[in-house]
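Presented below is the structure to which this report refers.
The values are calculated or read from the model by the stated rules, or taken from the named source; none is laboratory data. All figures in this text were calculated on a predicted structure; none of them were measured in a lab. Because the Cβ atoms are built from the backbone with ideal geometry, glycine has one as well, and the counts that use them run over all protein chains shown.
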Amino acid sequence: MSEMTVGELLMRSLQAEGIDFIAGIIDGAHIPFVVHAERCGVRYVNAHHEEAAVHIAEGYTRLAHRPAAALGNPGPGGANLIAGLSSAYGEGHPVIGIACTRRSAVNNPERGGAWQATDLVAMAQPVAKFSALISRPERVPELVRAAVRAATSGRPGPAFLAIPDELLAQKIDTARLRLTPAAQNRVLNLGAGDPTLIGQAAELLAAAERPFIYAGKGVLWAGASAELTALGDHLAAGMGSSLGARGVVPEDHPHYFHIFDMQASMMARNGADVVLIVGARLGEYDGWGMPPAWGDPAQQKTIQIDVDPLSIGLNRPVNIPIVADARAALGALLQAVQARTPARETMPNLARYRELSAATLQGGVAYMSASSGRGVNPGQMVMLVNQFFGEDAVTVLDGGNTVLWGVAFNPILRPDSFLYSVQMGYLGTGLPMAIGAKLAAPQRPVYCITGDGALGFHVMELETALRAGAPVIVVVAVDDAWGMEKTAYTFAGFGPEHHGPIEFAPGVRYDLLAQSLGCFGVKVESLDELAPALQAAVQSGKPAVIHVAVDAAVNADPIGFKEFRYARTL
């Protein structure tokens, strides 16, 4: 007989699906589960909050390109975990949430007055692609397979499993159970799609005079940045990306249109005769793929490639729908286009588009030079941090106005180098996501640019970073307020006399808070102090917080705020 505890069986089932990382908070009932992590090649990191644990797993899965897991406790711990899963659901991150429930005798169904009795499975259903209770030990491998299959099929997303706490310590004979590797349990690669449709798409692109290629995060998940850029180069096509896919094409590429370069981007998309959309659903910040942000689909031919059939034609009608792996499809499409047309040298109308880009850039210069005479210009802060770390670094953004500055003045030049909660705008994700990213890619610098409001959500995870050996650098723009809400108040005509509810107590020192947690911390009050502070933070070898006193008046009038509001009216 092959006998093991259900806890070990659960760990080995996750291992079989390629999961090698779990973040969470341990409950006593979890001991028969977590003690088997190391011997199964799974790293477990204990966090300070279950929601933050999910965000850590999100950062890990984005950089590792494989699913990760998050662990929660019965009742409120599981509920905290599910709150985090709403982020993974919005952003399309394959995180497997696992939580215990109270013992079946009082929880299935609930016996009135049972302690921490909560229907976690029902709570998770709206924000998970799969949610189930493991009610019998022998179903552990089957339900783990089902959860990971759902999380990784089509558009990625989270799944949730609950298990009664008394089951984990029980022993089970595994001789008749199936524990097989992921390749035998689910489709790992859809391939290049229908070759007839690839040929039709190649014909359209080869005949196009003004093609435009638009990439979403699906291109990053597939590792298809090189193929997409090569196709764009061959066609001399305009290229753009969703906010979440920044870096899929280097943002200094001569044919790339930055998301903040709104006028030039819209004109290039509207002027295209054929548009190729890869790995993107075309959501709200993509203008729904419709006019005025895009050309009339009745006048433009549209090709869409996606692993998820439900994402094709979701917001914009398409002429050629291709359900395929982005890397395989783009590789096949590139070969087919090369066979039909030679490489082109120039993009039509590029000079006209770049005149608009120059005007946008000039407007950015005005924001960069703004000053009230007190504190650091946040745009200058962002640009200096970007220049200090270079293109190999991973940028994580968090906050409100801080994100607007970070998007505008922090160019992303490599794939898998930008993390931000695009779909949810989920404050507090920055630090934990940065921790997960650093654990997945320890050889790369990882820095988080955040606001003081956003950092406050999960600031205790600095201790998690220290304990886990994740020396992330956190640059916090401190204006002692919810900065974006101050902007919104002003935009609505309500001046400083109304700002009381959105202001923080003055004088909070985030650098000293970091020091108290065993991390590195330093305060910066002028721009010339920032580079030495960054150097000292890196040399410390510890997680670090650089408290930057930003110019509150300039921060309250950030670049892109009007465009941000406009994008949400389309």
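When 249, 219, 275 are checked against the criterion of being among the hydrophobic types (A, V, I, L, M, F, W, C), in the same structural domain as residue 342 (by TED's automatic domain parsing) and assigned to a loop (DSSP other than H, G, I, E, B), 249 stands alone in meeting it.
Taking first residues from region 530-551 that are under 9 Å from residue 471 (Cα atoms) and partners that are in a helix (DSSP H, G or I) and among the hydroxyl-bearing types (Ser, Thr, Tyr), the Cβ contacts under 9 Å between residues at least 6 apart in sequence or on separate chains come to 543/464. Against the conditions (1) within 22 Å of the chain's Cα centre (by Cα); (2) surrounded by fewer than 24 Cβ atoms within 10 Å (Cβ to Cβ), residue 307 satisfies every one except (2). Counting the residues of region 199-241 that are buried (at least 24 other Cβ atoms within 10 Å of the Cβ) and among the basic types (Lys, Arg) gives 1. Within region 481-499, is there a residue that is modelled with pLDDT of 95 or more, in contact with a strand residue (DSSP E or B) (Cβ under 8 Å, 6 or more places away or on another chain), buried (at least 21 other Cβ atoms within 10 Å of the Cβ) and closer than 25 Å to residue 433 by Cα? There is no residue in region 481-499 that is modelled with pLDDT of 95 or more, in contact with a strand residue (DSSP E or B) (Cβ under 8 Å, 6 or more places away or on another chain), buried (at least 21 other Cβ atoms within 10 Å of the Cβ) and closer than 25 Å to residue 433 by Cα.
Specify which of the listed residues (427, 356) is buried (at least 16 other Cβ atoms within 10 Å of the Cβ) and without any contact (Cβ under 8 Å) to a residue 60 or more places away in the chain.
Details: 356 fails: without any contact (Cβ under 8 Å) to a residue 60 or more places away in the chain.
Exactly one residue qualifies, and that residue is 427.
Look at region 512-556 and say how many of its residues are assigned to a loop (DSSP other than H, G, I, E, B), over 26 Å from the mean Cα position of the chain (by Cα) and surrounded by fewer than 21 Cβ atoms within 10 Å (Cβ to Cβ).
Applying the first criterion (assigned to a loop (DSSP other than H, G, I, E, B)) to region 512-556 yields 517-519, 525-526, 541-543, 551, 556.
Right, trim to over 26 Å from the mean Cα position of the chain (by Cα) and you get 517-518, 525-526, 551.
From what is left, the residues that are surrounded by fewer than 21 Cβ atoms within 10 Å (Cβ to Cβ) are 517-518, 525-526.
Here the count works out to 4.
Got at least one residue in region 31-40 being crowded, with 23+ Cβ neighbours inside 10 Å and in contact (Cβ under 8 Å) with a residue 40 or more places away in the chain? Yes, the conditions are met somewhere in region 31-40.
Any idea how many residues of region 161-193 are surrounded by fewer than 16 Cβ atoms within 10 Å (Cβ to Cβ) and more than 30 Å from residue 40 (Cα to Cα)? Final tally of qualifying residues: 1.
Residues are listed down the side, and each one gets a yes or a no for (1) under 28 Å from residue 565 (Cβ atoms); (2) in a loop (DSSP other than H, G, I, E, B); (3) within 22 Å of the chain's Cα centre (by Cα):
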position: 352; (1), (2), (3): yes, no, no
position: 357; (1), (2), (3): yes, no, no
position: 392; (1), (2), (3): no, yes, yes
position: 408; (1), (2), (3): yes, no, yes
position: 414; (1), (2), (3): no, yes, yes
position: 425; (1), (2), (3): yes, yes, yes
position: 431; (1), (2), (3): yes, no, yes
position: 437; (1), (2), (3): no, no, yes
position: 442; (1), (2), (3): no, yes, yes
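Based on this model, can you work out whether residue 293 counts as surrounded by 16 or more Cβ atoms within 10 Å (Cβ to Cβ), assigned by TED's automatic domain parsing to the domain that holds residue 236 and under 30 Å from residue 450 (Cβ atoms)? Write out each step before concluding.
Numbers: surrounded by 16 or more Cβ atoms within 10 Å (Cβ to Cβ): yes; assigned by TED's automatic domain parsing to the domain that holds residue 236: yes; under 30 Å from residue 450 (Cβ atoms): yes.
Criteria met by residue 293.
Restricting attention to region 272-288, the residues that are surrounded by 19 or more Cβ atoms within 10 Å (Cβ to Cβ) and either in contact with a strand residue (DSSP E or B) (Cβ under 7 Å, 6 or more places away or on another chain) or among the charged types (D, E, K, R) (or both) add up to 10.
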